[in-house]
Structure formats: C-alpha cells, structure tokens
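Quick notes on the structure that follows.
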Amino acid sequence: MFLATTYDKSSEAWTKFSPNVEVLRRMASYARSSADLLTNLIQQGQTGPYTWECLFRTPMNNYDAVVLLHRDKLSYPRRLLFPNEISLGKQIIQEKASKEFKPFLELDNIVECSDDARSKLLVNFDPSRFFLLDLKEEFPEMFKIWYDALGGDTIGLTWELKKRKRNEEDDSNQNSHVDVLKCVGELGKGFVRSVHLLKVPRLEA
C-alpha cells in the first residue's frame, strides 16, 4: 500500500501489514477534514472556533467513548500542546489524581543523595503505556483503542460490533457499556480523570 498526501508532496510511505481497512478509512477521513480546514484557514483566515489548533486535535465525536487522563501524571506533560475537554455525551465517572506516583521529578523535589534518588526515581515509567496494555488485556474484544503515542491526554474508544442475542433490549445494551466504562475508570484509578460515553452501538441482528 502506498500512502500520499495532497499538501506534503515530497513525503511518501509504503506499508505492508498495516493499516487495516477500518484504520485506513479513519485516516482518510482525518486527512480529508484536515485538508478542508487548512484550505479554509488559508483562504478565509482564522475566524470562529475552528482555528489552526484543530488540525492537531481529533474530533471527539469520532469516538464512541472517551477517556481523559490527568495531565500532570503524563510522562511528558509539557509536550501536551492542546489539552482536551469534552462536553458531549454522558459522563460516567470523574476521579481525582493519585498522589502515590509522579512520572517525573519536580525541581522543588531534587534528591540529596544516591539512596534518595533510587527511592524516588522511576526509570522508563510511562503510565499511559501500562494503562493501554492493561486495557488491551482486560478488554481484548470489547473496543478498539485510539491514542496519541507522543503523549496525548485523551484515549478514544470505538466499540466492536457483536451479534444481537434473542430478547436483548437496548436499555440492557447501554447499561452493559456503562458498566464496562466504569471498569475502565477503575482500572486506571488515580490516572484517569474522567470517562464519557458518547455512543451506544446498535447490535447486529
């Protein structure tokens, strides 16, 4: 597969095993909307809420559920140029940040000796990476996970469609997904800031 873009004509990329069809469609959709926005910004200037920052943000309504992380618990919080907030859907949980760990040493907490350093320094500790691994292990077939590997504060979830069972009601379907998202929040307790349900999938007959 060969990937190319309209604006960046000097770059090129060949792929062999990925992306799959679903990811490819999502990439094409992002590229199309970003190109349209960039064209409008160039021709009309920055007006209204949709400015150049939107080029680096994924629209939240593209996900079925969204997990927001505590920014000060990220490995590189200063890399987070555009923090996300969300007002869509139904908020399932909201939690405070944990005081049990900090991914980095703050300047006002400089160590005084090597023993002090060994007791405080966490080497190669990335809470986002470990949380994602836990999600994939705990919910292998429940949803797909979308995350900015460079250090975003948002995790997007899209449900995996399943066959509808007999006498299965839509209310029970929504309740089951709410319970799953509560478990997601509990799994990342202290690191997860809030969890939001945006869409409940329609089960296939």
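Could you say whether any residue in segment 124-133 is modelled with pLDDT of 90 or more and either outside the structural domain of residue 186 (by TED's automatic domain parsing) or buried (at least 16 other Cβ atoms within 10 Å of the Cβ) (or both)? So far as segment 124-133 goes, yes, one or more of its residues are modelled with pLDDT of 90 or more and either outside the structural domain of residue 186 (by TED's automatic domain parsing) or buried (at least 16 other Cβ atoms within 10 Å of the Cβ) (or both).
Identify, from the list 3, 38, 24, the residue that is at pLDDT 70 or above and in contact with a Phe, Trp or Tyr (Cβ under 8 Å, 6 or more places away or on another chain).
Numbers: 3 fails: at pLDDT 70 or above; 24 fails: in contact with a Phe, Trp or Tyr (Cβ under 8 Å, 6 or more places away or on another chain).
That would be 38, the only listed residue that is at pLDDT 70 or above and in contact with a Phe, Trp or Tyr (Cβ under 8 Å, 6 or more places away or on another chain).
Whenever a residue of segment 60-74 is part of a helix (DSSP H, G or I), its partners that are buried (at least 24 other Cβ atoms within 10 Å of the Cβ), lying with C-beta atoms within less than 8 angstrom and at least six residues away or across chains, give the pairs 60/66. Answer yes or no: is there a residue in segment 90-108 that is modelled with pLDDT under 65, assigned by TED's automatic domain parsing to the domain that holds residue 195 and not in a loop (DSSP other than H, G, I, E, B). Yes, segment 90-108 contains a residue that is modelled with pLDDT under 65, assigned by TED's automatic domain parsing to the domain that holds residue 195 and not in a loop (DSSP other than H, G, I, E, B).
The values are calculated or read from the model by the stated rules, or taken from the named source; none is laboratory data. Keep in mind that this is a model prediction, so the values were computed, not measured. Note that each Cβ is placed from the backbone with ideal geometry, even for glycine, and that neighbours are counted across all protein chains shown.
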